[in-house]
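Down below is the structure, laid out as structure tokens.
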Amino acid sequence: PHCRWILYQLSHQGSPIEDELEMTMVCHRPEGLEQLEAQTNFTKRELQVLYRGFKNECPSGVVNEETFKQIYAQFFPHGDASMYAHYLFHAFDTTQTGSVKFEDFVTALSILLRGTVHEKLRWTFNLYDINKDGYINKEEMMDIVKAIYDMMGKYTYPVLKEDTPRQHVDIFFQKMDKNKDGIVTLDEFLESCQEDDNIMRSLQLFQNVM
């Protein structure tokens, strides 16, 4: 499941009164739930439960990168999750402030869990576009793919050769870079993913570790 460290909270229902009290006790108070309900694919009830889970994990109301890394290290003890957590954190931190607020979190979660295929692909493109210049180059794709392999660890892929991530990226990049200019645009990314089942399956596999 996406962002597994908080989703279990959806099964732990509490009273709305408790939620309102909790919202007054943190350093960062999120936007009104009605506004978030309008902006996301979650109900007000689901947002209340998600907020309780977020607040339990992050009493200050924001998550920093170090916390992200600690959480992912717990879920992937057989590998090194630090780089993937770093890239994922920066995809969640859309305003590049160095911290992820509840609003940032549920907006991304809404896309990853309940967004359209097009919305999910746009979000994934943003993850791969590490320097946020609007394009993906081969090194950026390599950095993300290698971070995923490192996180899954030898326990998961015991027979992987050292150059497997590079081979994986070479094949995908060649398919995506339609005009062979060395970069992949958002349009090329969307078109390639939607016309090639192998690429789409791989992206869904990668999304399962979010």
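Keeping to region 73-101, report how many residues are of a type outside the set (F, W, Y) and not in a loop (DSSP other than H, G, I, E, B).
Number of matching residues: 11.
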How many residues are part of a helix (DSSP H, G or I), open to solvent by 60 Å² or more (accessible area, probe 1.4 Å) and not hydrophobic (A, V, I, L, M, F, W, C) if we restrict to region 108-132?
-> 4
Hey, K154 outside the structural domain of F92 (by the TED database), surrounded by fewer than 17 Cβ atoms within 10 Å (Cβ to Cβ) and either modelled with pLDDT of 95 or more or over 19 Å from Y72 (Cα atoms) (or both) or not = no
Would you mind finding the one in D93, D143 that is closer than 30 Å to F173 by Cα, buried (at least 16 other Cβ atoms within 10 Å of the Cβ), in the same structural domain as F189 (by the TED database) and not β-branched (V, I, T)?
-> D143
Somewhere in region 76-93, is a residue within 18 Å of W123 (Cα to Cα) and among the charged types (D, E, K, R)?
-> yes
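Residues of region 133-153 being among the aliphatic types (A, V, I, L, M), part of a helix (DSSP H, G or I) and touching an Asp or Glu at 6+ places or on another chain (Cβ under 8 Å), which ones?
The one that is among the aliphatic types (A, V, I, L, M), part of a helix (DSSP H, G or I) and touching an Asp or Glu at 6+ places or on another chain (Cβ under 8 Å): M151.
The values are calculated or read from the model by the stated rules, or taken from the named source; none is laboratory data. Just so it is clear, the structure is predicted and the values come from calculations on it, not from any experiment. Positions of Cβ are generated from backbone atoms using ideal geometry, with glycine treated the same way; all protein chains shown enter the neighbour counts. Heads up: the accessible areas ignore ligands, DNA and RNA and are worked out on the full protein's heavy atoms, side chains in. Shrake-Rupley method; radii C 1.70, N 1.55, O 1.52, S 1.80 Å.
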